[in-house]
Amino acid sequence: MSLTLREVALGLRRAPLLSVLSVLTIACSLFAFGLFGLVALNVSEALRHVEERVEIRAFLADGTPIEAVSAAVGDIAAFPEVARVDIITPEQALARARKEMGEFQDVFDAAVLPASLEIRLKPGYRDPTTVKAVAERVRTYSFVDDVRYGEEWVQKLYSIRNIAGATGVVLGIAFAGVAVIIIGSTIRMTVLARAREISIMRLVGATDGFVRRPFLIDGFLKGVVGGLIALLLAWIAYTLVNRTLGIQSSFFATHTAVFGVLAGGVIGLLGSALSVGHHLRDV
Amino acid sequence: MIRFSHVTKEYPRTGVALSNASFRIGKGEFAFLTGPSGAGKSTILKLVYMEERPTSGDVRVGGIQANEIKRRDIPIFRRRLGIVFQDFRLLEDRTAEQNIAFALEVTGSSRDAIPGKVSRLLTQVGLASKGPSYPRELSGGEQQRVAIARALVNDPVLLIADEPTGNLDERAMRGIFQLLRDINASGTAVLMATHNLGLVRRSEFRVIEINRGQIVFDSADSSSPPGGNDPPPTDV
């Protein structure tokens, strides 16, 4: 193993410019992918915030006994799709209306606003079909006058989410593919630069595994260093965007960042494995 | 040691490089492989160290059959051989002793044993004081000696030399040839490709001449071999 590590160090020392270029190429590829990831993360978070506002409002008939409402709340809260149910009294509805539409606050009167149940759904149950199904079940209670959930809005939101998701997957695969190709080509250059050494190793009886090992470690290390640089660049870009636009967007969670850096290492390792394997088959 | 039976090697682009070649080289024998450039000498050597496999026919080296050996076992097989080339193939960024040590390291020699063995090999090839020199600091003949020392690291049963004197002046050439003779005298078979007919004629060893991919002369089969008293081949 120490011999392998020595060969790795020697390889880096022998071609420092190529090593630096390899790391920078890997860093740039991963940075581009990381930027895409940041955009995808923030779009997804924004959509999640909007989705959290999906709610079903069931307006109750005047004079509904509080016992009946409480029983219904227990029933509805037990639906597998339901996250929570709140009772909104006419007074609370009035306070909320006055707050949301300040300039019309004198127009509202507690007497005109009915009590209602505000039902919020769990993540994963906010699609139009589920929302509609829950609304229909709530509508079956005799004291429910009307049920509203912004059908059109939920439908649009769901479409946007689907489009964003599909675009994210396609772009993500494309970015990752480009990164793998660029990284693979960069590592291939490193392998070609050491072709003579590989041929000599094979002539003196080095096994393919022995020849391959330093390149795999080299590829992994370059991938990890490239990943760390890409992460740093992404963080700088994130900070600049937040400062310039005055917003507070989200950055990768620690585990995502670690995963990204390790993914750089794995791409480097796979790129090396493919390049050396290809080269060894040729010589 | 080496047995070729009706061996043909054909390359997809360049066509037939070797046609129906049959010969045997015995244990401890010294044989020249001669012929003009492009005649097929290097193809024979590549078949011997199993860089190439025959298109048809049978190649056996030290009992190993080229068509049967698995690719992953070829490096292990090569540890029984020593191979030297006209262009030396030394690692330029390592000293003479590091080049030799490298061959020992890649074949898994114990670390403690390496310095002593490197020193002995450098002495054997007459370069005891040149260990710390880089290839660029050595003459052509000295570089070839380092390459030969490297080829000897695993005490090979067969030394394959592809035009080892091709890049050397007369004096260096004689020195390298004498070194190969000494190695042969210690029991290692030597198969040396060369187009230096002067060298071949001056020596007493077996000569296999190849032209356009065909063996046109083998002194072992000839009633009047040009070299004369080569030992009879004893295949193993």
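For B:Asn211, enumerate residues with amide H under 5 Å from its amide H, sequence gap 5+ or separate chain, H modeled in the peptide plane.
When sequence neighbours closer than 5 places are left aside, the close amide H contacts are B:Val216.
Using alpha-carbon positions, what is the distance between the centroids of region B:170-190 and region B:86-120, in Å?
The distance from the Cα centre of region B:170-190 to that of region B:86-120 comes to 20 Å.
Using each residue's phi in region A:85-100, evaluate 6.51 cos²θ - 1.76 cosθ + 1.60 at θ = phi - 60° and report the 3J(HN,Hα) Karplus result to the nearest Hz, with x for Gly and Pro.
After applying 6.51 cos²θ - 1.76 cosθ + 1.60, I find 10, 10, 8, 10, 6, x, 5, 5, 4, 5, 4, 5, 4, 5, 5, 6 Hz.
Over all residues in B:103-109, what is the mean tally of Cβ atoms on other chains that come within 10 Å of each residue's Cβ?
So the per-residue partner count for this stretch is 5.
Under the Kirkwood approximation applied to all pairs of distinct alpha-carbon atoms, what is the hydrodynamic radius of chain A in Å?
Radius from the Kirkwood sum: 23.6 Å.
Please sort A:33-45, A:5-17 by packing, taking for each peptide the average over its residues of neighbouring beta carbons within 10 angstrom, highest first.
Ranked from most to least packed, the peptides come out as A:33-45, A:5-17.
Roughly how many whole Å is it from the C-alpha centroid of region A:130-168 to that of region B:194-218?
Here the answer is 91 Å between Cα centres.
So if R0 is 25 Å, what FRET efficiency would B:Arg174 and B:His195 give, r being the distance between their Cβ atoms, rounded to the nearest 0.05?
0.90
To the nearest 20 debye, what is the magnitude of the charge dipole of region A:55-148 about its Cα centre, counting +1 on the Cβ of each Lys and Arg and -1 on the Cβ of each Asp and Glu?
420
Can you give the % of DSSP beta bridges in the protein assembly as shown that are antiparallel, to the nearest 5?
If we restrict to bridges inside the protein assembly as shown, about 65 percent are antiparallel.
What residue among A:Thr89, A:Thr186, A:Thr244 has the largest mean-square fluctuation in a Gaussian network model of chain A, using Cα springs under 10 Å?
Per the Cα network of chain A with a 10 Å cutoff, A:Thr244 tops the list.
Which one of A:Ile200, A:Gly124, A:Val180 is farthest out on the positive end of the charge dipole of region A:119-213, using unit charges on Cβ (Lys, Arg +1; Asp, Glu -1) and the Cα centre as origin?
Result: A:Ile200.
Scan around B:Leu18 for amide H atoms under 5 Å from its own, H built in the peptide plane at 1.01 Å from N, and keep only partners 5 or more places away or cross-chain.
Those lying under 5 Å, H to H, from B:Leu18 are B:Lys9.
Taking every DSSP beta bridge that has both residues in region B:153-225, what percent is antiparallel when rounded to the nearest 5?
For region B:153-225, the DSSP antiparallel bridge percentage is about 45.
If Rh is defined by the Kirkwood formula over all Cα pairs and Rg also comes from Cα, what ratio Rg/Rh do you get for the protein assembly as shown?
1.32
For the protein assembly as shown, give the magnitude of the charge dipole about the Cα centre (Cβ charges: +1 Lys/Arg, -1 Asp/Glu; no others), in debye to the nearest 20.
Using only the charged Cβ atoms, the result is roughly 2240 debye.
Please express the Cα-Cα pair-distance distribution P(r) of chain B as a list of whole percents, one per 5 Å bin, running from 0 to the bin with the greatest distance.
1, 7, 15, 18, 20, 16, 12, 8, 3, 1, 0
Compute the distance in nm between two label points, each set 7 Å from the Cα along the Cα-to-Cβ direction, one at B:Thr123 and one at A:Ile181.
Label-label distance for B:Thr123 and A:Ile181, simple model: 6.0 nm.
Chain B: longest stretch without exposed trypsin sites (Lys or Arg not before Pro) (DSSP loop, at most 14 other Cβ within 10 Å), sites themselves excluded?
B:71-211
Values in this text are rule-based calculations from the coordinates and carry no lab data. In this text the structure is predicted, and so the values were computed from the model without any measurement. Glycine gets a Cβ as well: all are built from the backbone with ideal geometry, and neighbour counts include every protein chain shown.
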